Amino acid sequence: MNKRLLNSIRKLLRPVLRATLIDPQQASVFRYLKNTRTAVPPSNDVILVQCVEDVFYFGLFGQIALSMQEQQHAIKVEQYVLRSMRVGEAKSIFSFIASRMFINPLYNFKWVRLYNSFCNGVGYRSGSLQPISDVFDFYRAWMCWRNLDNKKDLISLVIDDVAVGDLVNDSFLRFKPAPTVDLKDNYLLILLWQAHRDIRRAKAYFGCTKPKLYLTSYSTYTHHGIPVRVALQHGVRVFSFGNYQEFTKELTLKDFVHTKNPDAYADDFSRLNGREEKLALAESALSARMAGQIDSATAYMKKSAYAESGESVPDVRDAVVIFLHDFYDSPHVYREMVFPDFWEWLCFTIETLNSANIRFFVKPHPNQINLSETALSKLRDRYPDTQMVPSSITNKQLVEAGMACAVTVYGTVAHEMAYFGVPTIAAAHHPHISFDFCRTAESLNEYAELLRHYAEIGIDKQAMHRQSLEFYYMHNLCVTDEEKALRDAAMDFRMICDQAAKTDELVDRLQKISRLSEYRDCVSGPQRWGAIFN
């Protein structure tokens, strides 16, 4: 048997083994939840939990469900099986069929078994087969697809009174994967079909079962976002666990993104007592980040953006620096984005700066996935004269080298730049929206004008520095000691879950969460989940 054939066999077996084998982390949490579970009487009160294929959410949702049953006794726990798509399934007919007919069902079988350690059964499945309805959904999706004239039509798409265009757009970027949507791509038709199916299944489940509570990881992409939006329409209380600033966030019809709401940060800080002491706390924490430490706000990053490598810094004096995002991440994790994706934003930005003869540099995201290199190669081919900043160069080094302005869609780089007295231009609703150090465009024309007049947008450097500290405090530190202890314990558990060698510590960290007073208040307190079942 030749080497090429062996490699092909390994490549085919790898996803099958990953889909079927239960690893030590999963087994450890499964045993803990199964052994902790107690019998409860039949009930019409239902909690729906998302069957997320992640040991962090598996353990956390299991602990919450068991704690709720312990406090409220008769509560039924059901799971929403969300897997219907697979990254890269669109690369060939074989890959698509293998994903839909074999890999996805294997993953679902394993994770449903794991979640049944604390669940009473399956509420509904995103990928369940309903032949007649699915054919009708495909026809509706095809009609929708053929009537899309531009990406604005896609982003604004509403199906059966549920806004789904942003979810479909972002799902294409993630699962195709591609840096931008091709409206003529057959995979977009598949995603539109899946969106129709998801809406019909979600409406049927939430309309009939009427769960009291729905626990979700995120609210982006179709498989996360559609159940969230349908549940909210049916009056179901929805809590997400997808941001790093809060243990959990309750979603509403007006605020259905899982990121922390920043709209009132500036006003809220101005009403706090002891503001100077709070600024000192923010100064200490933010200066530690600038020194290369990873904090709770940047815990998702594999390495610090401020860890210096010793590489020489290009001459960025008086230049604009464009800070890239991960092209394949969900761009609509914040609202009101001017562009449909990060690729179109980048191309428009480069062309606008070029036409105005403004010197600029492009810096890749320090946490980008390997696939982003393909997009960067495409960028270099399209704009061969574009000057790139190595991702190993820190933002502090760029500021010290004299850069004049930062450009991002909604990145944390904005308050980091403000800390050093450098203004930022943004192109979406973002965490810094209530502060002056970041100028936010609401249209293409406004964005282009801000770029052309970047040298005129800054405010006093001391004012920017102070505002950056105000932001940091409100975004990361404005919590009670009890809330901080719970948030940090959850983050600790999340980080342990990312370390395969830490299996023995998983249950200990999970139990630590369950013993905290703020957690007990969430479970049984009158202001949180306990009140839902009273």
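Please state, as a whole number in µm²/s, the translational diffusion coefficient that the Stokes-Einstein equation yields for the range 59-144 at 10 °C and 1.306 mPa s, with Rh defined as the Kirkwood radius across alpha carbon pairs. Estimated diffusion coefficient is 104 µm²/s. Extents of the range 396-524, largest first, come to 55, 33, 29 Å (Cα atoms, principal axes, whole angstrom).
Dipole size of the chain about its Cα centre, with +1 on Lys/Arg Cβ and -1 on Asp/Glu Cβ: approximately 2400 debye, rounded to the nearest 20.
Mean projected area of the Cα convex hull of the range 1-140, taken over all directions, amounts to 11.3 nm². Checking the Cα-Cα distances for 91/212; 91/151; 110/484; 110/502; 378/484 against a 32 Å cut-off, the pairs over it are 91/212; 110/484; 378/484. Computed about the Cα centre, the dipole magnitude for the range 327-451 is approximately 280 debye when only Lys and Arg (+1) and Asp and Glu (-1) carry charge, each at its Cβ.
Taking only the Cα atoms of the chain, the radius of gyration and Dmax are 23.9, 74 Å. Give me the net charge for the shell around residue 84: Cβ to Cβ below 11 angstrom, other residues only, Lys and Arg +1, Asp and Glu -1. Around residue 84, the surrounding residues sum to +4. For the chain, build the charge dipole from Cβ charges (+1 Lys, Arg; -1 Asp, Glu) around the Cα centre, then report which of 354, 235, 223 sits farthest towards its positive end. Highest projection toward the positive end goes to 223. The relative contact order of the chain comes to 14 percent, based on Cα pairs under 8 Å that sit 6 or more residues apart. Along its principal axes, the range 273-477 has C-alpha extents of 52, 36, 32 angstrom, given from the largest down. Calculated [222 nm] ellipticity per residue, helices only, for the chain: -15000 deg cm²/dmol; basis is -39500 (n - 2.57) per DSSP H run with n ≥ 4, divided by all residues, nearest 500.
What longest region of the chain stays clear of trypsin sites (Lys or Arg not before Pro) that DSSP places outside H, G, I, E and B and that have at most 10 other Cβ atoms within 10 Å? Longest site-free region, per DSSP loop and neighbour criteria: 318-534. For a quick check of your reading of the filter: which GluC sites (Glu not before Pro) in the range 430-524 sit in a DSSP loop and have no more than 13 other Cβ atoms within 10 Å? Sparse-neighbourhood loop GluC sites (Glu not before Pro): 442. Estimated translational diffusion coefficient (Stokes-Einstein, Kirkwood radius over Cα pairs, 20 °C, 1.002 mPa s) of the range 465-523: 166 µm² per second.
Each Lys or Arg adds one and each Asp or Glu subtracts one; over the other residues with Cβ under 12 Å from the Cβ of residue 331, this totals -4. Summing charges over all other residues whose Cβ lies under 10 Å from the Cβ of residue 352, with Lys and Arg as +1 and Asp and Glu as -1, gives -1.
Here, each number is a calculation from the coordinates, and none is a lab measurement. Only a predicted model underlies this, so the values are computations on that prediction, with no experimental measurement involved. Note that we place each Cβ from the backbone using ideal geometry, even for glycine, and neighbour counts take in every protein chain shown.
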